Amino acid sequence: MENNIVDFLNKLHKEGKNQEIIDKIEVLPNEEKNSEIIGILARAYNNVDNYEKALELLKSIENEKSEDGIWNYRVGYSYFYLDRNREAEKYFLKAIELNPDEPDNYIFLCWIYQNLSSEIDEEKENYKECIEYLYKSEKYAKLYSEKDAQADVTDELIFAEERLGWIYNKLENYTEAEKHLRKAIELGDNDKWVYSQLGYNLKEQGRYEEALESYKKSTELGRDDSWINEEIGWTYFLLEKPSEALEYMKKAKELSPVEVDLALVSRTSSVLVALGRHTEAIKLLKDIINKDEYKDSIGILSDLAYVYDDLEDYRNGLIYLKRANELGRDDIWINTEFAYAYYYLGEYEKSYNYLTIIKNLGRDDLTLKLMFANTLSKMGKYEEALEYYLELIKSDEYKNNVNLNSQLGWIYGEVEKPEEALKYLFKAEELGKDDRMINIDIGINLARTGEIKEGINRLKRASIMEDGITLDDKIFLNSEIAYWYGELGNTDNALEYLYIAEGLGRNDAWLNSQIGWNLLEKDLHKALEYFNKAKKLGKDDAWINMQFGFAYSKLGEYEKAISSFKKARELGMNNSWLLYQLGIALKEYGNIEEAIKIFKEEIEITDYKGFGDLQLAWCYALIDEKEKAKEYFENVDKYLASSLENDEELKKDYNTVKELINSNIYFN
């Protein structure tokens with residue numbers, strides 16, 4: 001009888017008459033409801049979606065059936081459809097252990113792991129666990145197909161590959177993500193979602209043209225929402241095609257399910273900036289920021305700062321940077337923007353402070369090093385700037401950078417290392433730089449190394465490079481050429497270029513003092529005229545007082561000469577030339593005792609032995625201290641024997657002193 005009812009119930013099961021099975025079994029007396037009958041009843045309840053009742057029945061026979069493969073399958077089935085996947089997993093694994101040849105156990109485990117992979121807590125970012133579940137789902141899908149040759153697990157495999165691609169995108173492992181997304185497509189996945197994800201993946205890899213192809217494939221398959229249009233627009237932006245980008249941004253706005261999509265607003269403002277439509281970008285962003293709910297949007301405030309900075313309106317940019325910062329933004333981006341803003345506003349100390357913050361936040365790339373180098377250079381801290389520039393020049397990215405080599409040359413020039421300067425300036429020239437500035441730098445540094453004529457030629461070359469030349473450039477070049485002609489002692493050429501600079505409008509202390517200096521051997525009165533102009537313009541240092549002293553001395557105005565030389569000493573100058581010239585003026589003025597004192601100071605520090613001794617011999621002879629005069633006169637013969645043969649003026653003074661020493665006349 002028992003076998004007959006079991007056979008009958010199984011026949012009803014095959015016919016799908018599950019409610020009839022339930023009705024037949026429920027009216028049976030309890031003594032006829034053995035574990036097999038209860039199992040069949042539970043199966044019927046599962047098949048009519050009454051999983052709680054099925055589970056209750058199955059649990060009632062657990063003691064007898066826990067080691068039965070079919071019972072574990074049915075329990076797992078109930079748990080699965082009750083969305084209790086972890087309990088279901090346990091029973092299907094047991095079912096496989098007891099009955100490894102039953103295919104359905106494997107496909108249910110595949111589905112269970114798919115479900116578990118979807119239970120991602122994005123806050124906890126438990127992606128690793130999710131990935132493990134997806135690989136397990138693939139494993140059991142393949143085992144299912146091995147157990148059932150007719151089985152088609154393509155959909156299950158596509159699900160796993162799609163989801164693995166999505167998760168690896170989230171993890172920014174774009175290479176691995178692309179592999180899985182392409183595998184899904186290879187398996188026959190041809191829906192809009194997978195092409196959207198592939199487009200996003202390729203965009204993040206910087207493969208923008210390929211990304212567009214995938215995005216557009218997605219739209220061909222029917223996707224036409226705000227997200228896909230925004231992504232296409234942004235990809236065009238990254239391809240530097242802002243006109244196309246704006247069209248898609250507008251469409252994304254039309255299709256947006258929300259009134260204000262901050263990310264879309266931000267991206268649209270960037271596109272407008274790229275189109276040079278800054279005013280529209282500012283209006284778009286301010287329209288948002290003026291709404292109460294968005295007035296403290298750090299992102300929009302940051303975007304406004306970016307737009308103003310792109311306009312080089314750094315003061316307005318700082319207003320929004322500061323607001324964003326006060327609201328909590330203190331990352332590398334905002335500190336970088338602060339650094340740039342203060343740099344371009346000429347507030348280099350502040351810029352440097354923000355660069356230090358950026359470095360402390362962990363940024364350590366070549367661009368940051370370049371920012372440090374440029375800022376320190378502007379601060380006049382050339383030695384520190386050099387450390388950064390030299391580190392940059394060692395890198396493959398910058399070793400052949402024309403501007404960096406040129407800048408290094410300029411910095412070495414500023415720290416008065418012309419040989420090092422020329423090394424980098426010539427490298428920049430070899431790399432193709434041939435503008436006015438590099439010829440100026442090369443010219444000045446050549447002159448500083450003693451190659452003055454070659455340096456002047458470079459400066460002259462720079463002066464005929466008229467593209468973009470300003471009046472200040474012309475004044476500077478003519479002044480510089482004049483200075484180096486002066487250093488050569490070529491006063492005619494020096495004055496020629498100084499007068500050109502004067503004619504162009506230069507009328508400062510430097511120019512007037514240089515003209516005066518070069519006129520000393522030509523026109524002492526004119527020289528004094530220019531020195532006085534320089535003095536009125538603020539130049540009253542030791543150098544110009546020495547020049548006044550020299551000019552007055554040559555004119556025989558010894559009192560004025562002495563006053564000027566002494567002022568130079570008061571201002572800190574005390575070199576042998578000054579002492580010698582002061583001594584001469586004192587001697588000629590008749591202040592012999594003071595002249596002797598000065599000449600004695602001079603002979604202690606001079607590198608030109610003998611000249612001071614000649615003057616001391618002269619002074620002592622004048623006051624009839626002949627023995628002392630002879631003592632110093634002996635040094636003249638010792639140090640100036642060869643000079644006396646070639647210098648007629650010196651020889652004349654020598655003979656004068658000799659006569660004084662040998663004469664019986666006393667000069668008072």
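Laboratory data are not the source of any read-out in this text; all were calculated from the coordinates shown. Worth saying up front: this structure is predicted, and the values here are computed from it rather than measured. Cβ: placed from backbone, ideal geometry, glycine included. Neighbour counts: every protein chain shown.
Applied to region 400-407, the Karplus parametrisation 6.51 cos²θ - 1.76 cosθ + 1.60 on θ = phi - 60° returns per-residue 3J(HN,Hα) values of 10, 7, 4, 5, 5, 4, 5, 5 Hz, with x for Gly and Pro. Residue-wise HN-Hα couplings along region 550-563, as the Karplus relation 6.51 cos²θ - 1.76 cosθ + 1.60 with θ = phi - 60° gives them from phi, are 5, 5, 4, 5, 5, 7, x, 8, 5, 5, 5, 4, 4, 4 Hz; Gly and Pro carry x.
Note: relative contact order over the chain, using C-alpha pairs below 8 Å and six or more positions apart, is 3 percent. Comparing Val271, Gly450, Leu41 along the charge dipole axis of the chain, the residue lying farthest to the positive side is Gly450, per the Cβ-charge model. Backbone N atoms of region 2-31 closer than 14 Å to the 7 Å Cα→Cβ label point of Ser60 belong to residues 22-31. With all pairs of different C-alpha atoms in the average, the Kirkwood value for the hydrodynamic radius of region 608-668 is 11.3 Å.
Phi angles of region 128-133 translate, via the Karplus equation with coefficients 6.51, -1.76, 1.60 and θ = phi - 60°, into HN-Hα couplings of 4, 5, 4, 4, 4, 5 Hz per residue; Gly and Pro are given as x. Remark: spin-label model distance Asn507-Thr279 equals 4.3 nm, labels positioned 7 Å along the Cα→Cβ axis.
Convex hull volume of the C-alpha atoms in the chain, normalised per residue: 273 Å³.
Each helix, a run of at least 4 DSSP H residues, gives -39500 (n - 2.57); summed and divided by the residues of the chain, these come to -24000 deg cm²/dmol at 222 nm. The angle between the Cα long axis of helix 418-430 and the main principal axis of the chain comes to about 50°, on a 0 to 90 degree scale. What is the Cα centroid distance between region 490-550 and region 259-318, reported in whole angstrom? Region 490-550 and region 259-318 have Cα centres separated by 56 Å. Charging the Cβ of each Asp and Glu at -1 and of each Lys and Arg at +1, and nothing else, the dipole of region 608-668 about its Cα centre rounds to 80 debye. Less than 23 Å apart at the alpha-carbon level, and either on another chain or at least 8 residues along: which lysines does that give for Lys128? Here the lysines satisfying the reach criterion relative to Lys128 are Lys90, Lys136, Lys139, Lys142, Lys170, Lys179, Lys183. Relative contact order, whole percent, for region 608-668 stands at 42, derived from Cα pairs under 8 Å and 6 or more residues apart. A Förster radius of 60 Å combined with the Cβ-Cβ distance from Asp364 to Lys609 puts the calculated FRET efficiency at roughly 0.55. Placing a pseudo-label 7 Å from each Cα along the Cα-to-Cβ vector at Glu129 and Lys322 gives an inter-label distance of 4.7 nm.
Once the chain from Glu31 to Lys14 is taken as fully extended at 0.36 nm per residue, the excess over their C-alpha distance is 3.6 nm. Residues Phe92, Phe80, ranked from the fewest to the most other C-beta atoms within 10 Å, line up as Phe80, Phe92.
Applying 1/(1 + (r/R0)^6) with R0 = 56 Å to the Cβ-Cβ distance of Leu471 and Thr356 gives a FRET efficiency near 0.90. Here the simple spin-label model places points 7 Å from the Cα toward Cβ, and for Val6 and Glu627 these points are separated by 15.2 nm.
Taking the Cα centre of region 306-354 as reference, the dipole from Cβ charges on Lys and Arg (+1) and Asp and Glu (-1) amounts to some 160 debye. Computed extension gain for Glu213 through Ala641, at 0.36 nm per residue and net of the alpha carbon distance, reaches 144.8 nm.
Positive end of the dipole of the chain (Cβ unit charges, origin at the Cα centre): among Asn85, Trp410, Asn4, the Cα lying farthest that way belongs to Trp410. Relative to the dominant Cα principal axis of the chain, helix 509-519 is inclined by about 40°. Relative to the Cα centre, the charge distribution of the chain, modelled as +1 at Lys and Arg Cβ and -1 at Asp and Glu Cβ, gives a dipole magnitude of about 2200 debye. Per q in 0.14 1/Å, what log10 I(q)/I(0) does a Debye calculation on the alpha-carbon atoms of region 137-215 return? So the normalised log intensities are -0.46.
Projecting the Cα atoms of Leu318, Leu616, Ile288 onto the charge dipole of the chain (Cβ charges, centred on the Cα centre) puts Leu616 farthest toward the positive pole. If a spin label sat at a point 7 angstrom from the Cα of Thr449 along the line to its beta carbon, the backbone N atoms of region 413-428 nearer than 15 Å would be those of 413-414, 416-428. By the beta-carbon count within 10 Å of each Cβ, the least crowded to most crowded order of Val75, Val657, fewest first, is Val657, Val75.
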